[in-house]
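All remarks here apply to the structure that follows.
The values are calculated or read from the model by the stated rules, or taken from the named source; none is laboratory data. This one's a predicted model, so the numbers in the text were calculated from it and none came from an experiment. Quick reminder, even Gly has a Cβ in these numbers, built from the backbone with ideal geometry, and neighbours come from all protein chains shown. Accessible surface is based on the protein model in full, side chains and every heavy atom, while ligands, DNA and RNA are left aside. Shrake-Rupley method; radii C 1.70, N 1.55, O 1.52, S 1.80 Å.
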Amino acid sequence: MSTRITLDPITRIEGHLRIDVEVNGGKVSNAWSSAQMWRGIEVILKGRPPEDAWSFAQRFCGVCTTVHAISSIRSVEHALKVEVPLNAQYIRNIMIAQHSVQDHIVHFYHLSALDWVDIVSALKADPKKTAQVAQSISDWPGNSEKEFKAVQDKLKSFVAGGKLGIFASGYWGHPAMKLPPEVNLLAVAHYLKALDYQRKAAQAVAILGGKNPHVQNLVVGGVATAINMENLATLNMERLVYLKTLMEETRDFVQKVYYPDMLAIASAYKDWFKYGAGVTNYLAVPEFPEDTRNTKFALNGGIITAGNLAAMRPVKDHHDEYLINNVKESVAHAWYEGTSSLHPWEGETKPNYTDFKENEKYSWCKAPRLDGKPVQVGPPAQIFAAYAAGNPKVKKLVDSANSTIGIGMKDYHSTMGRLLARAQRAHLMADISLDNLDKLIANIASGDKVYANHTEIPKGEYRGVGFHEAPRGTLSHWIVIKNRKIENYQAVVPSTWNASPRDEKGALGPYEASLVGNPVAQADKPLEVLRTVHSFDPCIACAVHAIDPEGKEITKVKVL
């Protein structure tokens, strides 16, 4: 007899995702992914000026605002064939990379680590031994016995006061928690330190973007970040030096703390390279343009089918016709009118809520498909594409990690593989940030001060798509412009790809497929389900679409 478990909300950020699983014989036999809110920004954008779209579109989310702004502005530039000056590309690239660093730090320590780290166990640790463990894997200066003792004392004060604060909810003592007390204490200490370093990365974005979240410096054809080394109110040498300091500090934290911690946890939980593969079709678009027309990039993109890296189809640039022509979104099992599958330029947003019906409609997420197939997006896709393309930096980083842990590329099709690939992407993003800062300074020093190409919106009809490889995966904004107004606008976002419900053929989305076959030791504490879903970094605000208008409770089991 099967046991039905409902986890709602399962997300630790933007808590709008419900996961249902059936468990037979200690394993998941079926799963449903249900987004529980409706967005509607696409409807708000209709009839507005295209040059304003990026400002509205970044309200898709309260966290990943920068990524929607970038994707939106690129959609208009693609439609009108606008070139972007090199200075603007470098400034955008720094913002993109630093946002990724901030996002990946937050995901690892604050949104997923507590699925693997036992806070209560850390109370039993010997701080001196913890320091020895930490110093054996990294020369980061913060790994001292004094630091770990202070963190443990703080935890003890929480417990003595009967208040675990931010650590109050968790499956502490769960049999699937394997780390020794000293490693648990190390992870808790770095959890707290990570709060400081994710802030530094956000500061870097704000210096260039005017504020963060919701940057203010984009224009069609470039940025509004004025460049003048002699002016205190513009991007000048003092701001560039401050940026470099912030980015070097976050780079050191990512490469000397986050990455070694990830390798240690992956080594301790090697069995989790066996679970959570799910959909093994992958999509990544190239990112970090190095020319004015988005045709040359620092990181590769590609399409991988059935996990076959040897047959990877490169996505060379943002004008790839196969990719542009073969994206469709199905609403067969989503709370929208009809059962059609439409290309985003013809996409419709007509809500039709019918309650959770597992064999009919059960989610506000549409189901994007590439050439009719479900696709997984996210850091593994970009690592796979770059590795298969022979990117030397990616190959060196990945091969070293594989040797340290004792795994191969096939092991990345898994729950732990997604976490490891995200840490590798963070490692790369930290270096890319500084590389683009160097290029920006060199370009300015050469005499180029241009940061925007003035662009008027012409009469007529134009269609464009703005691709961006965001921290959670491939993001695309699709725009139809008619007589200087937005005729249609659709966003196909990473969490829509991964959290999608079944399509008209009954094919499961990536979250759903990744859960089938997973072990569940305790049905009332389904830690294993959390681990796999959290490995995708679920954030549903931009993927979905209104609270049950009657406000009735649909939760059966509350988890965390």
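Classify the chain from the C-alpha gyration tensor, please: rounded if a/c falls under 1.5, else prolate or oblate depending on whether a/b exceeds b/c.
Numbers: a/c = 1.69, a/b = 1.13, b/c = 1.49.
It is oblate, given that a/c is not under 1.5 and a/b is not larger than b/c.
So, by mean Cβ neighbours within 10 angstrom, what's the order for 456-462, 341-347 with the highest one leading?
Values: 456-462: 12.0, 341-347: 17.6.
Most protected by this proxy first, the peptides run 341-347, 456-462.
Would you be so kind as to identify which of Trp116, Leu246, Leu309 lies farthest towards the positive end of the dipole of the chain, taking Lys and Arg as +1 and Asp and Glu as -1 on Cβ and the Cα centre as origin?
Most positive-ward Cα: Trp116.
Per residue, what accessible area does the chain have, given a 1.4 Å probe and all protein chains present, in Å²? Show your work: numbers first, answer last.
Numbers: 20660 Å² over 560 residues.
With the other protein chains kept in place, the chain gives 37 Å² per residue.
Assigning unit charges at the beta carbon (Lys, Arg +1; Asp, Glu -1) and nothing else, what dipole magnitude in debye, to the nearest 20, does the chain show about its Cα centre? The partial results should precede the final answer.
Numbers: 63 positive and 59 negative charges, 100 e Å.
Computed charge dipole of the chain: roughly 480 debye.
Show me, for the range 214-227, the HN-Hα J-couplings you get by feeding each phi into the Karplus relation (A = 6.51, B = -1.76, C = 1.60, θ = phi - 60°), rounded to Hz, glycine and proline as x.
The phi angles translate into 6, 4, 10, 10, 9, 9, 5, x, x, 9, 9, 8, 4, 10 Hz.
Quick check: at a probe of 1.4 Å, how many percent of the accessible area of the chain sits on carbon and sulfur atoms?
Values: 10620 of 20660 Å².
For the chain, the apolar C and S fraction of the accessible surface comes to 51 percent.
For the range 452-540, just say rounded, prolate or oblate: build the C-alpha gyration tensor, square-root its eigenvalues into a ≥ b ≥ c, call rounded for a/c under 1.5, and beyond that prolate if a/b exceeds b/c, oblate if not. Walk me through the numbers before you get to the answer.
Working: a/c = 4.69, a/b = 2.69, b/c = 1.75.
Since a/c reaches 1.5 and a/b is larger than b/c, the shape of the range 452-540 is classed as prolate.
What does the range 1-58 give for Rg and for Dmax, in Å, if only its C-alpha atoms count?
Here Rg and the maximum Cα pair distance are 18.3, 57 Å.
If r is the Cβ-Cβ distance from Lys270 to Gln132 and R0 is 35 Å, what FRET efficiency results, to the nearest 0.05? Let's see the in-between values first.
On the way: r = 23 Å, r/R0 = 0.65.
With R0 = 35 Å, the Cβ-Cβ based efficiency is 0.95.
Amide H neighbours of Ala470 under 5 Å, counting only residues 5+ apart in sequence or on other chains, H built in-plane at 1.01 Å?
Here the answer is Leu475, since their amide H atoms fall under 5 Å of that of Ala470.
Whole-Hz ³J(HN,Hα) for each residue in the range 146-153, computed from phi via Karplus 6.51 cos²θ - 1.76 cosθ + 1.60 with θ = phi - 60°, x for glycine and proline: what do you get?
Values per residue, Gly and Pro as x: 4, 4, 5, 5, 5, 5, 5, 4 Hz.
Could you tell me the calculated FRET efficiency between Ala523 and Glu230, based on Cβ-Cβ distance and R0 = 51 angstrom, to the nearest 0.05? Walk me through the numbers on the way to the answer.
Working: r = 67 Å, r/R0 = 1.31.
The value I calculate is 0.15.
For Lys46 and Gln216 in the same chain, what is the full-extension length gain: residue separation times 0.36 nm, less their Cα-Cα distance, in nm? Intermediate results must be reported in sequence, preceding the final value.
Working: separation 170, 0.36 × 170 = 61.20 nm, distance 2.14 nm.
Taking 0.36 nm per residue and subtracting the Cα distance, the gain is 59.1 nm.
Restricting to Cα atoms and excluding each atom paired with itself, what does the Kirkwood estimate give for the range 261-311 in Å?
Values: mean 1/r = 0.0723 Å⁻¹.
In the range 261-311 this quantity evaluates to 13.8 Å.
Quick check on the range 24-88: take the gyration tensor over C-alpha atoms, sort the square-rooted eigenvalues as a ≥ b ≥ c, and tell me if it's rounded (a/c under 1.5), prolate or oblate.
Numbers: a/c = 3.22, a/b = 2.17, b/c = 1.49.
Here the range 24-88 falls in the prolate category.
Considering only Val279, Met229, Gln255, whose Cα is most displaced toward the positive end of the charge dipole of the range 187-288, charges sitting on Cβ of Lys, Arg (+1) and Asp, Glu (-1)?
Val279
Got a sec? Which residues in the range 28-53 would a label at Arg4 touch, if it sits 7 Å along Cα→Cβ and we count backbone N under 15 Å?
Within reach of a label on Arg4: 29-34.
Once Lys and Arg get +1 and Asp and Glu get -1 on their Cβ, which of Val84, Val159, Ile73 lies farthest toward the positive end of the dipole of the range 8-161?
Positive-most Cα among the choices belongs to Val159.
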